[in-house]
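K.L.:
Got a structure for you, questions after.
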Amino acid sequence: MAELLFGTGGVPHSAKSPSTTSGIERIAELGLGCMEIEFVRGVKMNEAGAALVAETATRRGIKLSAHAPYYINFNAREPEKVKASQERLLQTARIASLCEAESVVFHTGYYLGDPPEKVYDTVKKYLAETLNQLNRENNQVRVRPEILGKPSEFGTLDEVFSLCTELEGLSLCIDFAHWHARTGKFNSHPEFASILSQIEQRLGRAALDDMHIHVSGISYGAKGEIKHLNLKESDLRYVELLQALRDYQAKGIVICESPNLEEDALLLQATYNNNLPK
Ligand SMILES: [Zn+2]
């Protein structure tokens with residue numbers, strides 16, 4: 001992949017219809033490069049639909065990823081809820097693979113008051129089972145736990161980096177807005193650069209060449225993330241973020257999750273391509 005591709009989390013608002021294929025067509029018309037299919041309320045696409053999505057994306061040269069349902073908790077108390085979480089991730093990966101999407105992003109779960117080290121071991125165990133299953137099915141989709149925005153959610157930088165180091169077949173989804181909201185920091189060029197430097201040190205250059213990034217404006221308080229905002233209505237210093245990504249020659253996909261979707265995706269792309277010192 002050349003450099004960074006920019007796109008939206010879900011179908012752009014200006015698409016002709018809310019269907020995934022209309023979304024891909026609109027992404028191409030806008031001159032964006034990628035789209036994340038949102039299965040956040042359940043996987044409701046069938047195999048024929050997925051084949052059509054794959055065909056459309058190939059024809060228009062658009063890269064795809066998928067976001068798994070929100071109802072996943074690999075640290076759930078009840079075994080049946082863990083099982084259902086594994087199933088939801090598997091189901092997303094299977095349909096994503098038929099869509100020829102490269103990655104599946106998911107929210108790992110909640111601490112529920114448990115010590116983080118214990119949660120880490122639990123998550124690692126159940127996630128390993130899921131990855132093994134995908135491996136048996138010869139599913140090539142990259143599975144990516146996301147950095148999450150609330151202190152109640154499993155998914156700090158350190159936790160996700162460690163999982164990616166320990167489990168084969170696992171990659172990173174770094175949501176810079178979430179991390180900023182969670183910490184109240186990490187909103188300047190040196191801080192963004194320090195994250196990229198950590199990625200290189202812990203996961204290797206290959207991880208910087210295969211980034212999956214979420215960005216949006218965000219509001220936050222003592223309990224972390226409150227809601228996503230448009231970039232210009234937020235405090236997120238996205239120009240400095242893009243500068244850091246350029247400095248580290250990060251490659252991969254940037255998914256914009258601002259409420260205005262394509263407007264901010266285009267702003268990010270234009271800023272990255274035209275308004276940064278090369
Ligand atoms: Zn997410």
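K.L.:
In the stretch 1-20, which residues are within 16 Å of the ligand (Cβ to nearest atom) and not in a loop (DSSP other than H, G, I, E, B)?
P.N.:
Correct list: Gly7, Thr8, Gly9.
K.L.:
Another question, if that's okay. Looking at the stretch 226-263, which of its residues are more than 17 Å from the chain's Cα centre (by Cα) and small (Gly, Ala, Ser)?
P.N.:
Correct list: Ser234, Ala244.
K.L.:
Go through the stretch 243-266 and give me each residue that's closer than 17 Å to Gly31 by Cα and open to solvent by 40 Å² or more (accessible area, probe 1.4 Å).
P.N.:
Of everything in the stretch 243-266, those that are closer than 17 Å to Gly31 by Cα and open to solvent by 40 Å² or more (accessible area, probe 1.4 Å) turn out to be Glu263, Leu266.
K.L.:
Can you find even one residue in the stretch 22-32 that is at pLDDT 95 or above, of a type in the set (S, T, N, Q) and surrounded by fewer than 17 Cβ atoms within 10 Å (Cβ to Cβ)?
P.N.:
Yes, the conditions are met somewhere in the stretch 22-32.
K.L.:
Looking only at the stretch 152-169, count every residue that is open to solvent by 10 Å² or more (accessible area, probe 1.4 Å), touching a helix residue (DSSP H, G or I) at 6+ places or on another chain (Cβ under 8 Å) and away from the ligand (no atom under 16 Å from the Cβ) and tell me the total.
P.N.:
7
K.L.:
While we're on this one: What residue, of Thr130, Thr56, is open to solvent by less than 10 Å² (accessible area, probe 1.4 Å), away from the ligand (no atom under 15 Å from the Cβ) and free of Cβ contacts under 8 Å to residues at least 40 places away in the same chain?
P.N.:
Of the residues listed, the single one that is open to solvent by less than 10 Å² (accessible area, probe 1.4 Å), away from the ligand (no atom under 15 Å from the Cβ) and free of Cβ contacts under 8 Å to residues at least 40 places away in the same chain is Thr56.
K.L.:
I'd like the full set of residues that are hydrophobic (A, V, I, L, M, F, W, C) and not in a helix (DSSP H, G or I), limited to the stretch 227-278.
P.N.:
If the condition is that a residue be hydrophobic (A, V, I, L, M, F, W, C) and not in a helix (DSSP H, G or I), then Leu229, Leu236, Ala250, Ile253, Val254, Ile255, Cys256, Leu261, Leu276 are the ones that fit.
K.L.:
Would you check which residues across the stretch 63-105 are farther than 17 Å from Val123 by Cα, within 16 Å of the ligand (Cβ to nearest atom) and among the small types (Gly, Ala, Ser) and list them?
P.N.:
Hits for the stretch 63-105 are Ser65, Ala66, Ala93, Ala96, Ala101, Ser103.
K.L.:
I'd like the full set of residues that are away from the ligand (no atom under 14 Å from the Cβ) and farther than 18 Å from Leu276 by Cβ, limited to the stretch 245-260.
P.N.:
Hits for the stretch 245-260 are Pro259, Asn260.
The values are calculated or read from the model by the stated rules, or taken from the named source; none is laboratory data. From a predicted model like this one, the values you see are computed outputs, not experimental measurements. Cβ atoms come from the backbone with ideal geometry, glycine included; neighbour counts cover every protein chain shown. These accessible areas exclude ligands, DNA and RNA; they are computed on the full protein's heavy atoms, side chains included. Shrake-Rupley method; radii C 1.70, N 1.55, O 1.52, S 1.80 Å.
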